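Only one structure is covered here, and it is reproduced in the block below.
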Amino acid sequence: MAVFSSAEIFEFAARIEENGEKFYRHAAVITEEETARYLFNHLADEENKHRETFRHMAAQADPAAGAVPMPMETYPGEYLTYLRNHIDHSAVFNAQADREFAHICNTEAAIDFAMNREMDSILYYAEIKQLVPASGQALIDNIIAEERQHFMKLAEFKKEWTDRR
């Protein structure tokens, strides 16, 4: 059975948040819209807070607790393969996404990219929540709720911005 340690789960989540912060800083630079710049910088600050939360959780992870077993699989390594594929190839903020957002050069594209990434982050955190010890699940729930708020802020901004155009 494949396993991750709690610390590994939290460290990966910290990297997602770090890449999210990079994207939002990039978006703040490329937009000419003052309100969008404020929103993107605010979201970058939020991603930074999430990163620090996950790093703290990784540092506090109990090595004696060992690794967390994966859910039932239909074949050996199925869930680990699923998570790795999601990490490496999905739209979650990752190293490949870094190359993608280098090509985003306007506010509308940045908003759309960010909305997709926030939704993917929500889905990813919902998946990894079951791999986290019970003591960390409430923090994961809080971050999921904040990621939902990020999505809603982006959706509201997009509607207002589109209506003004």
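The values are calculated or read from the model by the stated rules, or taken from the named source; none is laboratory data. For clarity, every value in this text was computed on a predicted model and none was experimentally measured. Neighbour counts are summed over all protein chains in view; Cβ atoms, including those assigned to glycine, are modelled from backbone coordinates with ideal geometry. Side chains included, ligands, DNA and RNA excluded: accessible areas come from the protein's heavy atoms. Shrake-Rupley method; radii C 1.70, N 1.55, O 1.52, S 1.80 Å.
Taking the Cα centre of region 112-160 as origin and assigning +1 to Lys and Arg Cβ atoms and -1 to Asp and Glu Cβ atoms, the resulting dipole is close to 40 debye.
To the nearest 10, the accessible area of residue 81 is 80 Å² with a 1.4 Å probe.
Quote the FRET efficiency, to the nearest 0.05, computed for residue 41 versus residue 116 with a Förster distance R0 of 22 Å and r equal to the Cβ-Cβ distance.
Details: r = 20 Å, r/R0 = 0.90.
The pair residue 41/residue 116 has a calculated efficiency of 0.65.
Net charge of the neighbourhood of residue 110, taken over other residues with C-beta under 12 Å away and scored Lys/Arg +1, Asp/Glu -1, is -1. For the set 150, 42, 103, 56, the ranking by accessible area, highest first and with no ligand, DNA or RNA atoms included, is 103, 56, 42, 150 under a 1.4 Å probe.
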